[in-house]
Amino acid sequence: MLSKVALAINVVLIALVAYLFVQLGDLKKGDVNESAPSTQSSNDDLEQSEDGAGIRVAFVRGDSIMLKYKFVEDEQNSLIQKAKSSENKLQRRMTEAEKEYQGLVEYANSGSATERDLQITQNRIMELEYELQQMQAEEQQKIARVEMEFQKELYDRISDYLKIYGDENGIDMIFNYEPAGQTLLYSLDAFDVTNDVVEALNQKYEAEQAPEE
C-alpha cells in the first residue's frame, strides 16, 4: 500500500519548487545600489530595465536546484526510508492479521462453533479490517506531515538565501524558471544565477552538517 505513497512522494519532490516570484526588498524607482558588491561574474552583465526604474532582475532554474541541492537529496532519501519503514510496519501487521483471519475462518468452518462463536468471529474479522484501514491512514498521514515539513524547510532555506544573495548583488527580483510551468519564457543567460545559488546553498548546508569541534 505505502509503496504507492513512496512513489507519490518521489514525484512530488521533483516538482516542489513552486516559487513563481520571490520579491527581494522594497522595489523603489530610482533607488538602486549601483555600487553594490558583485561577487559573481554573471552579474556584471545584468542590465537595468528600459523604463529607467533601475530594477535589477535574475532567475534561478528550480529543477536544477532540486537536482543539485544536497539538502534535497538527503531529505529525499530520508523520506523514502521513512515511507519504506511505514510500508514494512503495515506489511507486518497485515501478515499477522491474515494469520488471525485464517484461524478464525477455519474455526468458523470446523462445525464445532456455536452461533455465538460465529457472531464473535464475524465481529473480530470486521475489527481486523478496521484496524488495518486505520493503520494505513495513520501511516499515510505521518508521511504527509513529514513531507509538508520538508517542503516548508526547503522553501525557507531557498527564500532566506535568495534575500541575502539579492542584497549582496544588488538584485531586486529573482524569478523561478520552470520549462513546464512557463513562469519565465525568455531571458539572457547572463541573468541565470542558478549555479551561484546552488553552490552557495550547498556550502552552507555542508557547513551545517560538519561536526562541531
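What follows is calculated from the coordinates using simple rules that are stated; it is not laboratory data. Given the structure is predicted, the values throughout are model-derived calculations rather than measurements. Here the Cβ positions follow ideal geometry from the backbone for every residue, glycine too, while neighbour counts run over all protein chains shown.
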Under the 7 Å Cα-to-Cβ spin-label approximation, SER112 and ARG124 lie apart by a distance in nanometres of 1.4 nm
What does the convex hull of the Cα atoms of segment 50-125 come to per residue, in Å³, rounded to a whole number?
169 Å³
According to a simple spin-label model (label point 7 Å from Cα along Cα-to-Cβ), what is the distance in nm between TYR161 and MET173?
2.4 nm
Mind ordering 142-151, 95-104 by average Cβ neighbours within 10 Å, highest first?
142-151, 95-104
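Of the peptides 113-123, 82-92, how do they stack up when ordered by the mean number of other Cβ atoms within 10 Å, highest first? Numbers along the way, then the final one.
On the way: 113-123: 12.1, 82-92: 16.0.
Final packing ranking: 82-92, 113-123.
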Inverse mean reciprocal Cα-Cα distance (Kirkwood Rh) of segment 77-203, Å:
19.9 Å
Treat each spin label as a single point 7 Å out from the Cα along the C-beta direction, and report the ASP189 to GLU206 distance in nm.
2.5 nm
Do any of LYS68/LYS204; LYS163/LYS204; LYS84/LYS142; LYS82/LYS163 go past 21 Å between their Cα atoms, and which?
LYS82/LYS163
Enumerate the residues in segment 108-141 having an amide nitrogen under 20 Å from the point lying 7 Å beyond the Cα of ARG93 toward its Cβ.
123-141
Once the Cβ-Cβ distance between VAL105 and LYS84 is put in as r, and R0 is 30 Å, what FRET efficiency do you end up with, to the nearest 0.05?
0.45
